[in-house]
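The next block holds one structure in the form of structure tokens; read it before the comments.
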Amino acid sequence: MLTHILFCELWGNWDSDKLHRMKRVFIETYGCQMNVYDTELIKSILGAAHYDVVTSEHQADVVMLNTCSVRENANRKVHLRIQELRRNRPQHSIAIGVLGCMATNFKTALLEDPQLGIDFIAGPDSYKQLPQLIENAWQGGSDRFDVTLSEFETYSDIEPTRDSAVNAWVAIMRGCNNFCTFCVVPYTRGRERSRTIESVSDEVKRLVDQGFKQVTLLGQNVNSYRSDAHDFTDLMDAVSQIDGLERVRFTSPHPKDFPNRLLSLMAERETICKQIHLPLQAGNSRVLSKMNRTYTKEEFLSLVERIRSLIPKVALSTDIIVGFPTETHDEFLDTLDVVQQVQFDSAYIFKYSERPNTVAARRFPDDVSEADKTARIVQLNECQRNISLSKNKACIGSNERVLIEALSTKKSELDCQGRTDSNRIVILPLQADVTLGQMRQVRIVDATPNVLKGEWV
Ligand code: SAH
Ligand code: SF4
Ligand code: F3S
């Protein structure tokens, strides 16, 4: 007994049997696709350091949450989850780590919160330190956090461990320099930096060799991509010509930066999907200026016109925030007006959520009432739902090329699921000859606001 106590104290109180085998790590991912990609990088980093990445928290010695801080409810979700983990597994039976954007947003305050009992934290540019941080936490050491942001880290030298087999996410840049006044991302992910064209192209070639049919180029701000003298259009030109690649997508671009060269390339290059996620955020020019979005309502509308004149069949999706500080009802109606004029194929609509450190949090009181935010989001969602439904219904009767991405759906084992070039989900009856990654011709026979139904042709 005495030796056991001494042993445990020596090793920072961890269960002695766990010291003698490979540590088992479980990672849970929250937030955007960049976090999904980062989790894939982390799996490779930990695998190389001889950690065993497991698929359930119940098998794990170390549980890591790769977190998001973009809105308050993203934070809240993680707090509740950590409390749940701690209830189920007392301190010293597992180590809990917080990674990602909450780590850089709240820094050591997270470690100091006694309600959470977090053992280590690592920000988005510190994942190469994770094996050391875990070890330090495991041994009860004090060096248990790294939230420094780098001007250079792109993880180009690490091949992500991907779970999917059809679409691969490929980060082409990290960070953001735009400082939209509502947004925490520039603070949590630091300054923009890009990988080279060669590094991205080589990764995509390896993905094609592994059987991936589609890549989605990722960045907070993809059209700010710069590497040597090359811009995002050059990168798209190179990637979209890679032999064997069926489809290239990208997300997210900023409306400030859409040269005709890029749009023309998208129009003529078959492998580039005719789909753009074009975040509007607000439809009123005064609010847009207060958000530091750098375009007016009119400029956004003329960009949409220019995009549609060069890529006639393009599908457009967007992000919108309602209830930004000082937004009046009339100004909200401008957002509604843009939504009605543009007729986006789909939209993600959020209530403004004040984020620590941002310009808006420091300078603009969160003065739109919760009731008004709710009324605006309900009205906008209702409007978009009708638009999405009528756009999807217009697809009925058409033939589409669909990339098969799942052999079941959330609702049924008898159906499979694919995507059109325009990024619409199509549900199809599962047949024996259907395989993941197939490109199939289908006829659209029915539609809801969110999905199409198809039959094989
Ligand atoms: N880099 C991407 C998106 C980043 S975050 C871009 O610029 O498009 C994804 C979306 O979350 C944003 O487009 C915005 O609509 C929303 N968002 C960001 N900060 C928010 C906040 N403080 N409150 C509510 N929504 C927010
Ligand atoms: Fe945030 Fe704006 Fe950067 Fe997007 S462009 S990540 S919304 S600061
Ligand atoms: Fe969230 Fe960070 Fe992505 S705040 S949206 S996980 S960049």
Original post:
Order of 216-223, 195-202, 79-86 by packing, highest average Cβ count within 10 Å first?
Top reply: 216-223, 195-202, 79-86
Original post:
Just going by the charge dipole of region 2-146, with Lys and Arg at +1 and Asp and Glu at -1 on Cβ, which of 120, 133, 67 is farthest out on the positive end?
Top reply: 67
**OP:** Counting only DSSP beta bridges with both residues in the chain, tell me the antiparallel percent, nearest 5.
**Re:** 35
**OP:** Starting from the Kirkwood radius over alpha-carbon pairs of the chain, derive D by Stokes-Einstein at 4 °C in a medium of 1.567 mPa s and give it in µm² s⁻¹.
**Re:** 54
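Greater than 28 Å separation of Cα atoms is the criterion. Which listed pairs, 256/313; 23/213; 77/373; 274/297; 297/351, meet it? List each step's numbers first, then the result.
Numbers: 256/313 21 Å; 23/213 34 Å; 77/373 21 Å; 274/297 23 Å; 297/351 20 Å.
In this structure, 23/213 exceed 28 Å between Cα atoms.
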Original post:
Relative to the longest principal Cα axis of the chain, at what angle does helix 297-310 sit, 0 to 90 degrees, rounded to 10?
Top reply: 70
Original post:
Once label points are set 7 Å from the Cα along Cα→Cβ at both residue 457 and residue 271, what is their separation, rounded to one decimal in nm?
Top reply: 2.6
**OP:** Could you work out how far helix 33-48 tilts from the main Cα principal axis of the chain, as a 0 to 90 degree angle to the nearest 10?
**Re:** 40
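Could you sort the peptides 173-184, 60-71, 44-55 by per-residue average Cβ neighbour count (10 Å cutoff), highest mean leading? Kindly include the intermediate steps, with their values, before the conclusion.
Working: 173-184: 20.8, 60-71: 23.7, 44-55: 15.6.
The most tightly packed comes first, giving 60-71, 173-184, 44-55.
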Original post:
Using alpha carbon centroids, what distance separates region 21-91 and region 391-415, in Å?
Top reply: 32
Original post:
Mind listing the Cα extents of region 193-251 along all three principal axes, in Å, largest one first?
Top reply: 29, 20, 16
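Over region 399-456, with every protein chain in place, what whole percent of the accessible area is carbon and sulfur at 1.4 Å, could you tell me? Present the calculation step by step, with values, prior to reporting the outcome.
Working: 1470 of 3060 Å².
Ligands and nucleic acids excluded, carbon and sulfur give 48 percent.
The values are calculated or read from the model by the stated rules, or taken from the named source; none is laboratory data. Since we're looking at a predicted model, the values are computed, not measured. Quick reminder, even Gly has a Cβ in these numbers, built from the backbone with ideal geometry, and neighbours come from all protein chains shown. Heads up: the accessible areas ignore ligands, DNA and RNA and are worked out on the full protein's heavy atoms, side chains in. Shrake-Rupley method; radii C 1.70, N 1.55, O 1.52, S 1.80 Å.
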